[in-house]
1. For the protein assembly as shown, what is the calculated [θ] at 222 nm in deg cm²/dmol (nearest 500), taking -39500 (n - 2.57) for each run of four or more DSSP H residues and dividing by its residue count?
2. For q values of 0.09, 0.18 Å⁻¹, compute log₁₀ I(q)/I(0) with the Debye formula on a Cα-only model of chain A, without solvent.
3. Convex hull over the Cα atoms of region B:60-263, averaged projected area in nm²?
4. For each of B:126, B:384, count neighbouring Cβ atoms within 10 Å of the residue's Cβ, then give the residues from fewest to most.
5. Averaging sequence separations of C-alpha pairs under 8 Å and six or more residues apart, then dividing by the length of chain B, give the relative contact order as a whole percent.
6. Averaged across B:16-29, how many Cβ atoms of other chains sit within 10 Å of each residue's Cβ atom?
7. Partner chain Cβ atoms within 10 Å, averaged over the residues of A:152-162 - can you pull that number for me?
8. Might you report the magnitude of the Cβ-based charge dipole of chain B about its Cα centre, with Lys and Arg at +1 and Asp and Glu at -1, to the nearest 20 debye?
Amino acid sequence: MLEIRQLHKSYPIGDSSLHVLKGIDLSVTEGEMVAIMGSSGSGKSTLLNIIGMLDEADEGEYILDGLPIKDLTEKKAAVYRNKFLGFIFQSFNLINYKNALENVALPLYYQGMKRSERQELAMFHLEKVGLADWAKHLPKELSGGQNQRVAIARALAANPKLLLADEPTGALDTKTSHEIMAFIQQLNDEGKTILMVTHEEDIANMCKRIVRLRDGVIMEDVKVTQVRAEQYV
Amino acid sequence: MFDLDLWREIFQSINMNRTRSLLSGFTVAFAILLFTILFGIANGLKNTFAEAFGDDAKNSIFIRSGRTTKAHKGLQAGRRIQFKNEDLDYIKEDFSDKVEFITARIYSNVQASFRNEQSSYPLRGVHPDHQFLEKTIIEEGRYINQNDLQNKTKVVVIGKQIEEDLFKKTTALGKYLNLSGIPYKIVGIFSDDGGDYEERIIYMPVTTSQQVYGNNDYIDQINLSYNPEMNYDQALAFSSTLTKKLKNRFSVANSDQRAVRVRNMAEGTKAVSQMTTGLTVIILVIGFGTLIAGIVGISNIMIFIVKERTKEIGIRKALGASPRSIVSIILIESIIITAIAGYIGLVIGVGVLELVGPSLKDYFIKDPGVNNSLVIGATITLIVAGAIAGYLPAKKASRIKPIVALRND
């Protein structure tokens with residue numbers, strides 16, 4: 001599903017540069033649910049962004065579903081992102097002047113789907129996250145948990161191969177976090193591959209595998225027994 | 001290709017971000033409004049000038065006589081100079097290649113009556129050429145002709161205000177107008193751009209006038225127009241030669257300013273045309289100034305808008321928007337806003353001019369108005385400027401890595 005070999009990335013800071021990723025090797029197979037952990041500055045978000053094609057690696061190989069991801073044009077990257085990846089962000093990143101349904105339908109718009117079809121499909125995904133009644137509401141009229149669920153519905157809308165979550169529960173209280181995690185686990189149960197960045201131990205333990213980063217290298221990569229989130233809800 | 005979804009996206013963005021849309025729209029509308037009003041007022045000023053100085057032929061020369069102020073060739077000062085028919089003929093023959101139209105004028109005032117209505121009017125004895133010199137517009141009938149001159153016929157041409165004054169219940173053409181007891185047939189009715197005063201004048205053949213009022217061949221004034229192909233310097237040279245020859249003919253000292261007075265309208269015309277040129281330059285400066293202010297305004301707003309939308313651009317890119325779709329969504333939105341706002345500014349501006357235009361006549365502003373294509377051109381300039389000003393930051397924004405844009409909180 002996902003193959004990363006000897007990935008390097010550095011950012012220029014003034015005259016010098018900051019070496020963030022120092023040779024990452026990572027392989028994820030279909031149906032996995034992986035938590036990437038590390039303190040701030042460990043490079044975990046950078047890794048996720050490179051996997052998400054939101055950023056580019058300086059060196060190394062990245063193969064997604066058999067496709068080498070290298071030297072992509074902006075246009076091609078846009079097509080790949082749309083086709084392969086779904087994003088869930090800490091701050092939801094919904095478009096504030098679009099209602100829930102329109103936000104969920106946006107990736108489908110960029111796929112070139114017809115309006116009626118994409119509205120129908122978006123509604124289907126909203127129902128799935130339990131927000132069908134809130135379809136016409138703007139993000140500011142929804143709670144944090146609801147917004148994150150809209151974001152999840154949006155990430156699912158284009159039926160991506162890989163779901164990327166960057167601190168999906170970072171902006172939510174514990175109870176809502178558990179609700180969201182329960183939902184993400186359910187998606188994984190249905191077969192979605194999920195990659196998640198978090199710095200919270202209990203959230204990480206709800207995944208099936210934990211990859212720990214420190215100073216740009218992988219310190220530990222272990223399979224864990226999944227803690228189900230439903231029990232807290 | 002018409003992409004309905006793209007337009008839907010754009011109109012939603014305009015509609016849901018009203019403050020932003022209104023702000024940018026206001027800048028453009030205001031710039032076009034100012035542009036329209038300033039141009040309109042300046043045009044009104046120009047119209048006033050054109051009207052004030054455009055009534056009589058611009059290439060006219062008026063020649064009058066008076067008393068000598070200096071003794072010359074043994075003749076005393078204070079002698080009265082009187083033009084006669086032969087003087088007019090002399091000018092006509094001596095300057096035949098330079099004179100276009102020439103006429104005499106004999107001034108007097110008459111009591112005119114028709115049936116019970118009567119009033120006093122200025123009377124002018126003239127040659128047929130007078131019509132072209134004074135730009136008299138014949139509304140009905142004809143002007144004085146050569147036949148009238150030769151036969152000293154008792155005919156008159158009257159201004160249309162006289163017809164209104166005296167012929168309340170009937171029309172004037174063909175009727176007989178009684179001037180101090182003598183009936184004259186009305187052969188023509190005229191109007192004149194010079195206003196009501198000019199339309200209360202009675203014209204009659206110069207020969208008739210000479211016979212009836214004095215039985216002599218005296219002339220009060222000679223009006224002529226020179227060949228319009230002559231330029232300003234040639235025109236001035238012509239009038240100074242004319243002055244010299246006339247002074248010589250009447251044995252008047254060259255330095256005598258009163259005895260023979262030649263007034264060349266070209267001198268005034270030059271001042272007017274310089275004034276109009278000056279006005280045009282001012283108009284252009286004002287117009288360009290307003291336009292540049294508008295361009296700067298819309299550019300600033302476009303940069304602000306792109307900055308404000310950076311995060312949205314990042315989200316859209318993360319969801320699979322191509323750079324092209326990002327640029328087009330921003331550009332088309334700005335073009336729509338600029339076009340609509342420009343049109344509103346134009347409509348308001350023209351409306352204001354229409355509304356207050358008539359009341360501005362007292363302030364030397366006549367018929368203020370604008371050339372529509374000019375204002376539309378200005379609006380298009382603003383749209384293009386807004387598009388260029390929006391394109392560069394939009395292009396830049398479409399190139400930033402989504403992750404950078406997303407971090408932009």
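1. Computed ellipticity for the protein assembly as shown at 222 nm equals -15500 deg cm²/dmol.
2. Normalising to I(0) and taking log10 leaves -0.37, -1.39.
3. Computing the convex hull of the Cα atoms and averaging its projections yields 12.3 nm².
4. B:384, B:126
5. 28
6. For this peptide, the per-residue mean of nearby foreign Cβ atoms is 1.
7. Rounded to a whole number, the mean comes out at 1.
8. Working: 48 positive and 40 negative charges, 245 e Å.
I would put it at about 1180 debye.
Bear in mind these aren't lab numbers, they're just calculated from the coordinates by the rules spelled out. Here the structure is a predicted model, which is why all the values come from computation and not from measurement. For neighbour counting, all protein chains shown are included, and Cβ atoms are generated from backbone atoms with ideal geometry for every residue, glycine included.
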